[in-house]
Each structure stands twice: as structure tokens, then as C-alpha cells.
Amino acid sequence: MRSADIRQQFIRFFEDRGHRFVPSSPVVPHDDPTLMFANAGMNQFKDVFLGTGRRDYARAANSQKCIRVSGKHNDLEQVGRDTYHHTFFEMLGNWSFGDYFKAEAIEWAWELLTGVWGLPGERLYATVFGGDASDGLEPDEDAERFWQELTPIGADHVRRFGRKDNFWEMGETGPCGPCSEIHIDLGPERCDRRGQPGHACGVNGGCARFIELWNLVFIQFNRDAEGGLHELPAKHVDTGMGFERLVALLQDKKSNYDTDVFAPLIERIVELTGQRYSGQLNSDVDDAFRVVADHARMLTFSITDGALPSNEGRGYVLRRLLRRAAMFGRLHLRQRQPFIHRLVATIADSMGGAFPELTGSASRVAEVIRDEELSFGRTLDRGIVEYETAKKWAIAEAKDIAKVEGRTRPKACIDGRRIWNLYQTYGFPADLTRLMAERDGLDCDMEGFEAEREKAREKARAEHKAKAEAVLTFHGTLPDTDDSPKYAGWLAQARVLGWVRGNRLVAKGRLEGGEEVGLVLDRTCFYSEQGGQVGDAGEIVSPTGTYDVDDTRRLGEGVLHLGHVGDGYLEVGQEVQLSVDPRRDDTRRNHTATHLVHWALREVLGEHVTQRGSLVDPLRLRFDFDHPKPLTAEEIELLERKVNERIYADLPVRTQVLDTAEARKLPGVRAFFGEKYGERVRVVEIGDGFSREFCGGTHLARTGQAGFFKIVSEESVAKGVRRITAVTGPGAVEYVQRTHQRLRFAASLLRVPDDEVGVRLEAIVEELKKLRQGVGRGMTPDLKSKRDELLRSAEKVNDVTVVVGELPTAPVPQLRECIDWFRDQAAPAAVFIAARQNDQVTLLAGVTHHLMEYGVSANLWVKHVAPLVGGSGGGKADLAQAGGKNPAGVTSALDEARKWIRDRLVR
């Protein structure tokens with residue numbers, strides 16, 4: 001059975017049952033700012049489920065083009081390594097909008113699978129929702145009953161599973177409901193976990209024997225911002241079935257890549273590369289075939305639908321995948337010239353019948369891909385040279401660690417800063433660096449890379465925000481903005497009323513790309529900066545362009561969305577889609593924790609504690625309060641314990657809007673900063689009311705969502721005013737992990753258990769004091785004089801003091817004292833000295849720990865230079881020594897030492 005026939009049979013089956021065939025929407029969504037790519041069949045019907053849109057039909061069916069390359073559906077690393085993960089795929093689906101429900105969906109699914117396609121019913125299993133006490137939901141007995149009454153499936157083939165597997169939600173708020181999945185047993189020979197301890201084959205058992213075919217979602221609830229569930233007045237059905245997996249099953253293929261969906265493409269790659277595809281797993285060549293085939297499809301469909309490679313957003317995803325495919329082609333298919341663009345025509349020929357838009361765009365798409373391949377090829381060679389340097393540093397650092405810690409050499413790891421430099425300078429996506437590192441048996445510091453990337457993002461956001469601040473000089477009156485949706489969720493629709501540019505409100509015309517303004521809308525779900533909480537960031541999408549929001553401010557009754565046009569343009573009067581950056585979740589965590597901190601401070605320090613200010617953003621919370629002296633370590637620990645106890649108790653956080661006079665009568669309620677309140681105020685209450693505050697900010701539904709709380713600093717900001725800075729959730733966990741990593745590193749260097757680091761450091765400090773008191777004793781005046789002269793003539797390279805020169809003959813301990821003296825006097829410093837005595841040469845190199853963190857090693861430095869004086873040597877990353885027998889080579893050696901360190905410091 002051909003794949004084209006399978007697709008058509010699905011559509012015709014549901015057309016015969018009153019469904020409208022709805023063509024696939026583009027993979028590049030033009031009306032949903034929450035999506036980078038269409039990733040499910042229901043995307044184009046989301047407005048119906050949300051109640052903001054309507055259709056002139058109640059039943060629909062289609063095959064939707066989908067791309068999944070980011071977020072929770074990101075399986076990119078598995079693409080090519082197995083036979084069924086894809087970045088681009090088709091999703092067969094049928095929908096009911098307030099029409100039929102569970103009975104029909106279940107009966108028709110069984111009829112199509114067994115009656116039309118002939119799948120053996122005894123190999124099929126159905127799962128249903130088993131209930132969830134936390135939401136007060138009973139098991140889905142209706143779906144369970146319909147399976148047993150309307151199909152011949154055995155009772156033991158209908159299984160109950162929990163919320164993780166059988167409850168579908170569009171997001172943290174909005175439509176949701178139980179689902180019923182259909183699985184098939186492919187036989188015990190298909191298990192890929194045989195022999196693993198504790199494994200038992202079964203539905204949702206985690207092996208390849210049982211696979212999910214079809215998911216039937218029954219949308220019958222709406223989850224509000226407080227986490228509560230409410231029955232929907234109209235119930236919907238949303239089903240999805242992976243096309244490529246279905247075709248493999250019906251064509252009796254073990255791999256999706258062996259079906260006629262991929263066969264023409266695989267054959268074309270064989271023709272272009274001269275390589276042979278055998279369909280094996282754990283084969284570099286076969287993995288490369290699958291990666292190139294998959295990525296070529298994704299690129300062809302996405303560029304056809306309007307995406308283009310770039311350095312931002314979805315454009316970056318395209319560029320990243322193209323470069324990933326090109327890298328696999330070069331490493332394993334021996335392709336040094338562009339070849340991926342030559343696959344576009346094959347894809348258009350094989351898929352154009354179902355998606356005719358491919359045929360007319362093939363030449364344009366091929367040209368775009370070819371240009372990208374050429375561009376990447378020009379930088380790839382330079383990048384590979386830089387990668388090889390990074391690899392050498394990683395290997396050398398692993399050797400140094402082994403020497404310092406006196407243990408077996410650890411696996412070499414490429415530093416996150418170098419991975420970032422490869423990406424930033426040479427266009428190497430991090431996964432390409434990781435791919436090359438895996439080939440070479442190295443690890444990659446991906447946490448360090450992400451930290452560097454976040455620094456760059458923060459810098460860019462700050463620059464945009466600084467430019468946008470100029471619009472706040474506006475002193476006129478803005479149109480009113482209804483911002484009540486800010487408490488309801490992250491999405492909203494609005495109309496453009498105008499924008500503020502400089503000191504002028506523009507209420508007509510077009511806003512062109514790149515302009516920095518303050519956008520004014522009739523309504524918004526963005527929170528505007530107030531009460532210590534920063535304004536939201538996010539994206540606004542119009543039919544003609546996008547607007548990136550960097551900050552949100554209120555002026556009078558109007559709200560300014562500060563930012564810039566990203567793509568295209570906006571016009572006054574346009575309807576736009578609003579999407580708040582998901583980092584608001586982090587802000588909510590920090591804001592609720594701020595209320596807990598205020599309560600805990602009064603518990604620990606006393607009732608005199610009064611809030612003097614606060615700042616709440618996605619990264620941290622900052623709380624200023626009255627207190628006459630620094631907090632002790634014990635007080636800080638007690639504060640943390642009290643806040644975390646309330647977090648772990650998972651207490652409800654409730655809000656209510658009351659008349660101000662009535663609100664002030666609530667027990668223990670607190671108002672701050674001498675703020676002026678209107679006739680009505682919003683009160684945020686936690687648990688049984690132990691914390692009650694006037695607050696207009698966004699908060700969690702329950703304290704448990706904060707996860708974990710950790711104070712990172714306590715300091716004075718004014719006489720009698722202290723400041724606490726803290727982190728929550730993932731940020732708090734990351735802070736503790738980083739702190740513990742530093743402790744472990746210190747313990748390994750000191751060769752003591754973690755809990756003895758403090759004692760050992762105290763002893764070392766005392767030893768250093770004694771040593772420094774003796775530095776210089778016994779040195780000749782000539783040595784001291786030359787030492788001082790070298791420091792005065794030292795050069796600065798990227799803020800690092802570089803001392804390279806020759807000292808008079810002296811005992812090695814005195815030369816080492818000179819190294820220590822230079823490092824103490826001029827940190828951060830890199831020092832390289834030579835001393836001659838008769839026909840012998842001594843070389844010493846030393847660097848401060850700051851430079852070691854950036855991969856500069858004294859050990860490698862001295863090893864590189866020593867051959868020029870006919871010698872060899874080595875040492876540790878911070879101090880190394882070599883000896884030689886060619887005094888005539890000292891001048892050349894010092895020149896090479898300067899060149900070596902400059903090359904590393906200017907990168």
C-alpha cells in the first residue's frame with residue numbers, strides 16, 4: 001500500500017462521515033505568536049478551542065505538516081540515531097467542534113484501523129485516563145465503557161494510566177481534557193531493552209515493542225489562572241496520528257526511513273554521494289543518511305512556507321539544521337561541496353501531490369539552501385581549525401587536572417566559553433561542536449555555553465530597553481488600555497491604537513521594521529512595571545509583521561509596550577496577537593516568594609521590619625527592609641528554612657479585589673511604600689492568611705510552584721536599611737549546584753573532604769602569611785632590581801598583565817618567589833621568566849587562577865617554549881618549570897613565549 005493511498009484513505013474515511021477536509025496550514029504560523037512552527041494538527045483550530053474563533057463546519061480532517069525542533073517536543077539529538085524521530089512529519093487528524101464526542105471518536109478509530117487497514121485487533125491496546133486526586137478528577141469511565149461496548153477489544157487490553165500519559169493540556173491555562181491512546185504490540189522481537197534489569201514489555205513500558213499509533217483527546221475542561229478546572233459548555237474532539245509511523249506499520253517496515261515516504265530521498269543521496277545506505281543503527285554513515293534526509297525535508301517545507309535562514313528565531317533553527325546536515329555530510333558522507341540543495345527537487349516530486357505548494361517553489365528553495373551551504377562552507381574550514389585548538393586545550397586541561405588531583409585523567413571537556421566562541425564567531429551551532437567532540441571522545445560544557453548565551457541575550461535586551469526608555473519622555477495623554485487580561489494568561493488579541501516616538505503620539509500610519517517605540521494597544525495581557533515587579537517582555541504579531549516587546553510600562557491609564565519592530569511592519573488599526581515571554585513564570589515564582597520573605601523576616605527579626613522597596617524579575621528577587629544591623633548566618637538560615645517550609649507545604653495563593661476601606665480591616669494585611677490606593681485594591685493572601693498584602697502583581701496558584709528558595713546575598717543599602725537578594729525554582733537549584741561545584745573543586749585541590757575545606761584554608765592562609773614575610777630574604781640586589789624593572793615594563797593584553805623576560809642567575813626557589821610576587825602585584829597576570837647559569841637555562845611560567853578558568857595553562861606554555869633552549873619540562877596549570885642546555889636560544893624562547901600568550905589572550 002503506497003503512502004499516498006494511506007493518506008487519502010484516512011481523509012476519505014472521515015469525509016464519508018461528514019468531515020470537511022481542511023488543507024494543512026503552513027508550518028510557519030502567521031497568526032499564532034506562541035508557536036515557532038506548527039507542531040500539531042490542532043494548531044490551526046486553537047482559536048475554536050479557546051472560544052475566540054468559529055468555523056462554518058463542526059467536523060474536520062486533514063494531514064498537517066508539523067515541525068518539532070524546540071521546547072518539550074525537542075527530539076533533535078535522536079534524529080538519525082534511531083529510525084522514527086523526525087524534525088518534520090505529518091500528523092493525520094480528525095476534529096469535532098462541539099459535535100460528536102467520545103463514542104464516535106473511539107468507534108471510528110477502531111473501524112479505520114481494523115476494518116479499512118486490516119490491523120489485527122488482538123494486537124491493539126487502548127489507554128484511558130485513570131483519574132487524578134489533586135484535580136478532583138474521576139477515571140474516564142465513559143471512554144473505558146465505550147471501548148468495551150462499541151469495539152471487540154478485550155477488557156484486558158483497555159488500560160488506565162495517570163495524568164502524565166492520559167490527560168492533555170494546551171498550556172498552563174486553557175482547554176484540556178482526558179485522552180485515550182491506541183497502541184499496537186509489534187511482537188517480543190521488537191523490544192530494544194531485552195536483558196535490562198527490571199524491564200518488562202508493556203504499554204507505556206519504554207521499549208519499541210509497544211508503540212502509540214493514535215491519540216484521541218477529549219477536550220471537556222478549561223483550566224483557569226488559579227489552576228481550577230471547569231466544564232466547557234461545548235465539548236470537542238482532537239485526534240492525532242503520526243503518518244510516517246503508520247506507513248511503516250502498514251508497509252511492514254521496521255524503519256520509517258525504509259518506507260516509500262523516504263525511499264526516493266535516500267536513493268538520491270546514494271546517487272549524489274556514492275555512499276551505500278544499509279539501514280543500520282550505530283553506523284556513522286547510515287546515521288548521516290537519516291539526518292540529511294530528515295533535515296532536507298524540514299528545510300524544504302519550512303522555506304516553502306515562508307521561513308528563511310537567519311540568526312534569530314525560527315531562522316536560526318533553519319540555519320542550525322542546515323549546518324548540522326552539512327556537517328554530517330562532510331564528516332561521514334565525504335561531501336565537501338554543497339549537495340543538500342540538490343535534494344529539493346526529489347522532495348517536491350515525491351510530496352508535491354499532497355502538498356502542491358512544493359512544486360512551484362522548488363527552484364527558489366534550492367537556491368536559498370545552496371547559498372546557505374556555500375556561506376557555511378566558507379566558515380567551516382576556519383571553524384574546524386578553531387575547534388582543533390579547543391580540543392587541544394580540553395585534552396591539556398584534563399591532563400593538568402589529573403596531575404593536580406593525583407588521579408586518573410578525567411574525560412576531556414571543551415569549555416563552554418570556547419563552544420560559545422565557535423558559535424558566535426564561526427557560526428558553529430553548539431550541537432555541531434558536540435557532534436565533533438563525540439567523534440573525538442570529548443565532553444562539552446553545555447551549561448557553560450548556555451550561561452554565555454544568556455549573558456549575550458541579557459546584553460541585547462538591555463540595549464533594546466535603553467533605546468526604548470527614550471519614549472518615556474512623553475508627557476501627553478495615552479488612550480486607555482484594558483490590561484485585565486494580564487491575570488488571565490499569556491495570550492490575548494488586541495488592536496493597534498498607535499505608538500509613542502520621542503515625545504509624540506502617532507495615531508495613524510505604518511510602523512516600519514527596526515524602529516524603537518512604545519506601542520499602544522486597546523487591551524493587553526502584558527504586565528506593566530509597578531509595585532517592584534518588572535514589566536513583561538514578549539512578542540506581538542500582526543498580519544504584516546512582528547513586534548518584540550522588551551519592557552512594559554504604564555503611563556496614566558495607558559500601557560506602553562517598549563520595543564522594536566522585528567520583521568515586516570505594523571499599522572494603526574491592525575488586529576494583533578499578543579504572547580508574553582514564558583519567563584513570566586519565573587517572575588511569578590519570585591514575587592510570591594517575596595511575600596513569604598516579608599512574612600519570615602517579621603517572624604525572625606521582629607515586628608519592626610517594614611518593607612522599604614523590592615525588585616522582582618525573572619532572575620531574582622530583591623527585598624529592602626528596616627533593620628539596624630547585618631543578619632547573622634543563623635538568622636539567614638532560619639529565614640531560608642521558614643520560607644522553604646511554606647513552599648513545601650504547597651499552600652494556596654488567593655487573590656481578591658475589595659473596597660480599600662474593607663481591605664484595610666483584614667487581619668494582618670499590609671500596604672507599602674506610602675502608595676496611593678484607589679477605591680478598590682487587590683489583596684494577595686497565602687495559606688490561612690498568615691501573609692496578606694495589597695499587591696497588583698502576578699503570582700503563583702500555590703506556593704509549591706516556587707520549588708525552592710535560596711538567599712544569595714545580604715547587604716546594607718543605607719543606614720538602617722538592609723537588602724536581601726534571593727533566587728527561586730530552577731535558578732535556586734542552579735545557584736546551589738554552582739556553589740557545590742566550587743566547593744568540590746576547592747576540596748579536590750586541597751585534597752580534603754568537603755567539610756574540611758574551611759579548616760584547611762585557614763591553615764593555608766597562615767602559611768602564606770609566613771611565606772610572604774620571608775619573600776625577598778636572601779635575594780641579591782641585582783635580582784630585586786631586575787624583578788622590579790620587568791614589572792614596570794610589563795604589557796597589558798586584554799586587561800591581563802604579561803611579564804616576559806630574563807632574570808639574573810638565582811636559585812630556583814627564589815625564581816619561584818619572583819613568580820608569586822609578580823602574580824600578587826599585578827593580577828590577573830601571566831609570567832614567563834628565564835635565567836642562565838653557564839651552559840644551563842631555567843624557564844618558569846606562572847598564571848593566575850583567573851586565566852586558568854579561560855584555558856591558559858602554564859604547563860602548556862613552558863612545554864611549548866622549552867625546546868627552543870634544548871630542554872623539556874612541565875608542571876601544573878598555574879606554575880610550571882623547564883630546564884635546557886642551550887643558553888643561546890633564550891632570546892628566541894622569550895619571543896616565542898610572548899607570541900604564545902598573546903595569541904591566547906586576544907581570542
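Read the figures in this text as sums done on the coordinates, not as results from a lab. Source: prediction; values computed, not measured. Here Cβ is always computed from backbone atoms with ideal geometry, including for glycine, and neighbour counts include all displayed protein chains.
When only the Cβ of Lys, Arg, Asp and Glu is charged (+1, +1, -1, -1), the dipole of segment 779-905 relative to its Cα centre reaches about 160 debye. Restriction of the trypsin sites (Lys or Arg not before Pro) in segment 705-767 to DSSP coil positions whose beta-carbon has at most 16 other beta-carbons within 10 angstrom yields K719, R751. When each of M327, M170 is scored by the number of other beta-carbon atoms lying within 10 Å, the sequence from fewest to most is M170, M327. Overall shape: rounded for segment 466-580, with the ratio a/c of the largest to smallest alpha carbon gyration tensor axis below 1.5.
Under 18 Å of direct C-alpha separation, and excluding same-chain neighbours fewer than eight residues apart, K665 reaches these aspartates and glutamates: E675, E679, E685, D688, E693.
With respect to the chain, whose longest principal axis is taken over its alpha-carbon atoms, helix 729-750 is tilted by about 30°. Subtracting the Cα-Cα distance of R160 and N503 from 0.36 nm times their residue separation leaves 117.3 nm of extension gain. With the highest mean first, a sort of the peptides 425-433, 345-353, 659-667, 228-236 on other beta-carbon atoms found within 10 angstrom per residue produces 425-433, 345-353, 228-236, 659-667. If both residues of a DSSP beta bridge must be in segment 701-839, then about 65% of such bridges are antiparallel.
Plainly put, segment 779-905 has a radius of gyration that is 0.93 times its Kirkwood radius, both from alpha-carbon atoms, as the Rg/Rh ratio. Length available on full extension from L750 to D135: 0.36 nm per residue minus the Cα-Cα distance, which gives 216.2 nm.
Summing charges over neighbours of G871, with a neighbour being any other residue whose Cβ is under 11 Å away from its Cβ, gives +2 when K and R count +1 and D and E count -1. For the chain, the longest principal axis of the Cα atoms and the long axis of helix 357-405 meet at an angle of about 40 degrees.
When both bridge partners sit in the chain, DSSP labels roughly 90% of those beta bridges antiparallel.
Under the simplified labelling scheme, the N838-L666 pair shows an inter-label distance of 8.9 nm, with each label point 7 Å from Cα along Cα→Cβ. Cα centroid separation, segment 232-283 to segment 869-907: 57 Å. Give me the percent relative contact order of the chain, please, defined on Cα pairs under 8 angstrom at least 6 residues apart. Dividing the mean separation by the residue count of the chain yields 6 percent. Taking the Cα centroid of segment 501-520 and of segment 689-715, what is the distance between the two, rounded to the nearest whole Å? Using only Cα atoms to place each centre, the spacing works out to 37 Å. Within the shell defined by Cβ-Cβ distances under 11 Å, the residues around E107 carry a net charge of -1, with Lys and Arg each +1 and Asp and Glu each -1. With a sphere of radius 11 Å drawn around the Cβ of F262, what net charge do the other residues whose Cβ falls strictly inside it have (Lys, Arg +1; Asp, Glu -1)? Value of the local net charge: -1.
Relative to one another, the C-alpha centroids of segment 782-841 and segment 613-652 are positioned 49 Å apart. One entry in (i) 32.3; (ii) 36.6; (iii) 38.6 is Kirkwood radius over Cα pairs in Å calculated from the shown coordinates; its label is (i). Taking 7 Å steps out from each Cα toward its Cβ at Q337 and E312 produces label points 3.7 nm apart.
Classify segment 263-403: rounded, prolate or oblate, from the alpha-carbon gyration tensor (a ≥ b ≥ c, eigenvalue square roots; a/c under 1.5 rounded; otherwise prolate if a/b is larger than b/c)? Cα axes put segment 263-403 in the prolate bin. Annotation: extensible slack from K629 through L743 equals 38.2 nm (criterion: 0.36 nm per residue apart, minus Cα-Cα distance). Residues of segment 1-19 with backbone nitrogen within less than 20 Å of a virtual label 7 Å along the Cα-to-Cβ line of D252, please, listed as ranges. Within reach of a label on D252: 1-7. Within segment 466-580, DSSP assigns beta bridges of which about 95% are antiparallel (rounded to the nearest 5). For helix 812-826, what angle does its Cα long axis make with the longest principal axis of the chain, in degrees from 0 to 90 and rounded to 10? So the inclination is approximately 60 degrees.
In this calculation the C-beta distance from E789 to V759 is compared with R0 = 56 Å, giving a FRET efficiency of 0.85. Dividing the summed helix terms, -39500 (n - 2.57) for each DSSP H run of n ≥ 4, by the number of residues in the chain produces a 222 nm estimate of -12000 deg cm²/dmol to the nearest 500.
Consider a paramagnetic label point 7 Å from the Cα of R453 along Cα→Cβ; state which residues of segment 369-394 have an amide N under 20 Å from it. Residues 376, 380, 383-384, 387, 390-391 fall inside that zone.
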